[in-house]
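The values are calculated or read from the model by the stated rules, or taken from the named source; none is laboratory data. From a predicted model like this one, the values you see are computed outputs, not experimental measurements. All Cβ positions, even for glycine, are placed from backbone atoms using ideal geometry, and neighbour counts span all protein chains on display.
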There are 2 protein chains.
Amino acid sequence: MTDVSRPAISPGASPLFLREDEIRRGIELLYFGYTRLTNAIDQELAKQSLGRAHHRALYFIARQPDLTVGELLKLLAITKQSLGRVLKELQEQDFILTSPGVVDRRQKLLRLTEKGAELESELFRQLRQKLSSAYVSAGQESVTGFWHVLEGLIPENDRKMVFDLRGDNG
Amino acid sequence: MTDVSRPAISPGASPLFLREDEIRRGIELLYFGYTRLTNAIDQELAKQSLGRAHHRALYFIARQPDLTVGELLKLLAITKQSLGRVLKELQEQDFILTSPGVVDRRQKLLRLTEKGAELESELFRQLRQKLSSAYVSAGQESVTGFWHVLEGLIPENDRKMVFDLRGDNG
DNA sequence: AAGATACGTCAACATGACTGACGTATCTCG
DNA sequence: CGAGATACGTCAGTCATGTTGACGTATCTT
C-alpha cells in the first residue's frame, strides 16, 4: 500500500517481468520443497520394492477409484508402455485390482485392494505430516497463496483435469 | 483475525492434523505445478542434447560462480559419480570451465563459459515467463505465502544451504 | 610423515522414462 | 452389418539418470 498500481516487490520492473531474484527464489524453493517432500516416502516405498512411479499411480487411483487406464495416462503424462509396467507390478503384488468398464467394456477400471489402500494411507500419512507442518508454520493465508501460485503454473488445458480430482471423494 | 488460535480452514481439525483435502490439494498442485514448470525448458535443453540433470548443475553454477564440486554435490544430493558424468558432458560441450581452488588447490571451482551463460540465461528466461505469469495472476501476497509454505517443507538442516544461495549475486 | 580430505574414475546395475510396431476386443456410425 | 476408430496390451530396444563399491591421486592439516 505504498505507491500506486505497481507492486512493491520490484521497483522499476514491469509486472510481467519480475525481478530476477524473486524468480530464482521461487525456482529454488520449488525444487528443494518438492524433492524434500517426495523424499519423505522413499523409505516406505522401498520396503515394498516400489518406486515413485508406483506411488503416483497408487495415489491417483486412491484419489479417484474406478479411474480408467486412459484417464490415469493423462494425469501421469507418460507412455502406456511405462504405465503398463507399473500397473502390472502393482497388480502382481496385490495393491490394485481391475474390472471391465461398465458403460464401455474396452475400458479397464482401476481400484485399490485393501492392501493397496493401507499402503496408500500410510504413505499419505507421512506426506501429510510434512505438509501439515509446513502449512501450520506458514499460516493459513500463506497456504491459499501457495495454492494460487501453483495453480498459475498449470497450463489452461490441464487445469480442468487437476481440478476434477477434487470433490470426487477422500 | 477472526476467532482464536485455530485456523479457519478446518472446523474441528487439530492444526497439526489438517483436513485430508487440503493436504491432497497441496500434493497435487505441487506435483503438477513443479512438473509443468520443469517441462517448460525440455525442448530448449533437447536442442543442446542436454537433460534436466545438466540444467540443475548449470543453474547452480550460474547462481554461484566458482562453486566447488563438493558444494554442488550437497545442493544436488546425488553421488559424485552421477555428477561427474554431468559435469564432464557440460565441459566437453564448452558450457562450463573449471579452475583449481585458490585457497585449497584440491578443490575445483566451477564457472560458466560465455556459451554456458547464454544457455542458462535463455533457460531462465523461459522459466521466468511461466513463473512470472503465475506470480502476477496470484498476486504479491500469494507469492510470499508460496515461499513460506515451501520453506516449511525444507528440513532444518538444509535451510542454510538453500538460503545461502541468495544475495551472492543476481 | 601420517592421515584426512577433495576430487576422479572404472565397473556393474536399477529405475523409469522413451520410440516403434503390432495384436485384440469393443464401440460407433454410415 | 461392416469399416474404422478407440481402449488397452505387449514385444523389443534404447536412453537418462540415478545407485554401490572399490580404488587412485593430489593436496592439506597436524
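Being of a type in the set (Val, Ile, Thr) and within 15 Å of A:Arg24 (Cα to Cα) is the filter here, so list the residues in region B:112-163 that pass it. Answer for region B:112-163, where residues must be of a type in the set (Val, Ile, Thr) and within 15 Å of A:Arg24 (Cα to Cα): B:Val143, B:Thr144, B:Val162. The set of residues in region A:112-162 that are under 15 Å from the mean Cα position of the chain (by Cα), surrounded by 19 or more Cβ atoms within 10 Å (Cβ to Cβ) and more than 7 Å from chain B (Cβ to nearest Cβ) comprises A:Glu120, A:Leu123, A:Phe124. Can you give me the number of residues within region B:99-111 that are away from DNA strand D (no atom under 12 Å from the Cβ) and surrounded by 14 or more Cβ atoms within 10 Å (Cβ to Cβ)? Summing the residues that are away from DNA strand D (no atom under 12 Å from the Cβ) and surrounded by 14 or more Cβ atoms within 10 Å (Cβ to Cβ) in region B:99-111 gives 3.
So is B:Ser99 modelled with pLDDT of 95 or more, within 12 Å of DNA strand C (Cβ to nearest atom) and among the small types (Gly, Ala, Ser) or not? Talk me through it step by step, then tell me what you get.
On the way: modelled with pLDDT of 95 or more: yes; within 12 Å of DNA strand C (Cβ to nearest atom): yes; among the small types (Gly, Ala, Ser): yes.
Yes.
A count restricted to region A:39-62 and to residues that are surrounded by fewer than 21 Cβ atoms within 10 Å (Cβ to Cβ), without any contact (Cβ under 8 Å) to a residue 60 or more places away in the chain and either more than 8 Å from DNA strand C (Cβ to nearest atom) or within 19 Å of B:Ala77 (Cβ to Cβ) (or both) stands at 7.
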